[in-house]
1. If I model a spin label at HIS235 and SER22 as a point 7 Å from the Cα along the Cα→Cβ vector, what separation in nanometres do I get?
2. With charges only on Cβ, +1 for K and R and -1 for D and E, what is the dipole size of the chain about its Cα centre, in debye, rounded to 20?
3. Going by how many other Cβ atoms sit within 10 Å of their own, how do MET30, MET127 line up, fewest first?
4. Any idea which of GLN380, SER408, SER141 is furthest toward the positive side of the dipole for the chain, if Lys and Arg beta-carbons carry +1 and Asp and Glu beta-carbons -1?
5. Calculate, in nm to one decimal, what LEU355 and HIS144 gain on full extension: separation in residues at 0.36 nm each, minus their alpha carbon distance.
6. Distance in nm between label sites at ARG403 and ALA318, each 7 Å beyond Cα in the beta-carbon direction?
7. Rounded to the nearest 500, what is the 222 nm mean residue ellipticity of the chain from helices alone, with -39500 (n - 2.57) per DSSP H run of 4+ residues and division by all residues?
8. Work out the charge dipole of the chain with +1 on the Cβ of Lys and Arg and -1 on the Cβ of Asp and Glu about the Cα centre, then indicate which of LEU60, GLN154, TRP111 is farthest towards its positive end.
Amino acid sequence: MLAAVLPCPPAPCASDAVPQGSDAEWFAGMIDRCYDYAGLAKAEGRPVVGILCEYTPRELIIAAGGVPVCLCGGSADRIPAAEQVLPSNLCPLIKSTFGYHLERNNPFLEWADLVVAETTCDGKKKMFELMAETRPMFVLSLPHNREAALGREQWVAEMRRLRAELERRFHVRVTDEKLRAAIRQMNHERRLRRELAALMRDDEPPFTGRQLLEMKSIISCIPADIERYKNILSHAVEKNATHEGDGSNGAKLSAGRVRVLLTGVPVAHGAERVVDLIEDHGGLIVCQENCTGLKPILDDVDEIAADPIQALADKYLATPCSVMTPNTTRLDSIRRLAREFRADCIVDLIWQACLTYDIESVMVRKLADEELRLPFLRIQTDYSPSDSERIAVRVEALFENVRRKAASPGAKACRAT
């Protein structure tokens, strides 16, 4: 998840210091801080490990002493180079990621001592083969039926194979004790991020959806980030208590806005255009069900399981991605989250040529129409801003539909509860 232009400070700094400045300043400088953190890790001899999907367990990398860095591309500027090799009608996330690879202008990828990938969609699988020609790659074979007994056994075996590869490549021992410690770290970060997301359930959420989307890093478990999450949560609780005490609601971010549940593809860093269009035209994204939102942090890894590898396999295989078949757990998640966050409508974002999410959109629409009784909008786009005006018109029409529905007789009875 990389910005169009990655900042490259001349020298690393101590990223573990307690953060200074406002929350906005802290997260706005995420790429700079991750650069510093990864650069310092390299200087200390720690390996940098690139990851390309939420199915890769960061816990194994952390237990091996490594720094897990998400490499998914969000820059439209990297796509032209990729299209010299890849089909133009391919997912923009794949093309952007591959463009960074070709142009060699992503310092995190250049630092990577290993890149871990998974057999998710067909486009990614074949792109990984091309990357592997010049980079150290390890590909996890992901079973696409999580309910099949043999598939679960295979995924456990893949977790053990990754542990063995990390041990061999980096000359370390990934003991169960180290792995459990890493599991506790990741669970702690997931819990803090869940608590931040839960604040969006309020009548008057403290953030916009874009602000919440930015409250994360491409590197997990940076101690200074953990402190910032705690600070934000503490301030939000204090602010809420103050407003309750004086009868004030404070500044109303949600005034007149439509509450949106955003589902579909991940929104890589630098590719937030649709999020901005939704919130610039009358919406407030109160829930992001996708892989850059709640999807990977809804569940924790069992910290006391007899076999931590089995526990990792159970948690990560449960991720409700559209590459799974069947993928009813995604519908279960949307059903629950729409009610918990009191969504007024559902927006399903699909990147061009993302066939699995595109086909699942039919199922999401049916859920919205027939069960949740919520207005629904499918947006298919890529990283180019050329269709922004058209998307804005469709978003405004959706919100007008929501407002008409809310004003109609019996609206309260129809609303998801």
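1. 0.8 nm
2. Values: 54 positive and 60 negative charges, 130 e Å.
Dipole of the chain, to the nearest 20 debye: 620 debye.
3. On the way: MET30 20, MET127 23.
Exposure proxy ranking, most exposed first: MET30, MET127.
4. Of the options given, the answer is SER408.
5. Gain in length upon complete extension: 74.5 nm.
6. Label at ARG403, label at ALA318, 4.1 nm between them.
7. Per the formula, -14500 deg cm²/dmol.
8. Farthest towards the positive end: GLN154.
Read-outs: derived from the displayed coordinates by stated rules, not from any lab. Not measured: the values here are computed from a predicted model. FYI the Cβ positions are ideal-geometry reconstructions off the backbone, even for glycines, and counts take in every protein chain you see.
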